[in-house]
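Here is the structure we will look at, set down as structure tokens.
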Amino acid sequence: MNQEIKRTLEIMNQRVKEMTAIYHHAVSQYGISDNEFWVWYALLAESEPSQQSICEMWSLSKQTVNSIIYSMKRKGLVYLERIPHTRNKKIIRLTQTGRKYGNIIIKHVYAAEQHAVDKLTLLELQNYIELLAKYITYLREGFDKVDVTFPTDTHINADCDP
């Protein structure tokens, strides 16, 4: 890989981390984890989310979402409603208290996001979404082609050079 491409990838990854840090800083004021924030975001963005749809749409593990939803349920912020004619699929519904609490958390994020998108043209937004989706597709393909298994006979020694 040439140096210019390496530097470009470094900048891209730094920008992704910077955006993650911005969201983290915003939600840490509410005393919740980043993952809990994204569950709140999903609950307020989707009309009838299930745990499965949140996992798929927001790239969160089933265990993480289940744990967060269980905690929210114990606090009286959500309840689960079984979807008819399914084996065990449930819709997550916000209680009145949950909706109020979620809106408090999300409204500041929505305002900041609105401020950001108002500064961009529709074409810039569309290009951003399309290019990011394309990069993610190619990155996923790249990882599918690369052997990412760590050799079992390799011993790691902190004193040795790579």
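The values are calculated or read from the model by the stated rules, or taken from the named source; none is laboratory data. These numbers were taken from a predicted model, which means no experiment stands behind them. Here the Cβ positions follow ideal geometry from the backbone for every residue, glycine too, while neighbour counts run over all protein chains shown.
On the stretch given as segment 112-124, residues that are assigned to a helix (DSSP H, G or I) and either of a type in the set (S, T, N, Q) or surrounded by 10 or more Cβ atoms within 10 Å (Cβ to Cβ) (or both) total 6.
Check whether at least one residue in segment 93-110 is closer than 23 Å to residue 133 by Cα and not basic (Lys, Arg), and report yes or no. Taking every residue of segment 93-110 in turn, at least one turns out to be closer than 23 Å to residue 133 by Cα and not basic (Lys, Arg). For segment 77-99, the condition of being at pLDDT 95 or above, closer than 17 Å to residue 27 by Cβ, over 18 Å from the mean Cα position of the chain (by Cα) and outside any helix (DSSP H, G or I) holds for at least one residue. For segment 123-136, state whether one or more residues are acidic (Asp, Glu), modelled with pLDDT of 95 or more and on the phi < 0 side of the Ramachandran plot. Scanning segment 123-136 turns up at least one residue that is acidic (Asp, Glu), modelled with pLDDT of 95 or more and on the phi < 0 side of the Ramachandran plot.
Residue by residue through segment 18-70, note down the ones that are assigned to a helix (DSSP H, G or I) and in contact with a strand residue (DSSP E or B) (Cβ under 7 Å, 6 or more places away or on another chain). 43, 51, 69, listed by residue number.
Any residue in segment 65-74 that is over 16 Å from residue 36 (Cβ atoms) and at pLDDT 95 or above? No, segment 65-74 has no match at all. The number of residues in segment 10-66 that are of a type outside the set (S, T, N, Q), more than 18 Å from residue 106 (Cα to Cα) and surrounded by fewer than 14 Cβ atoms within 10 Å (Cβ to Cβ) comes to 9.
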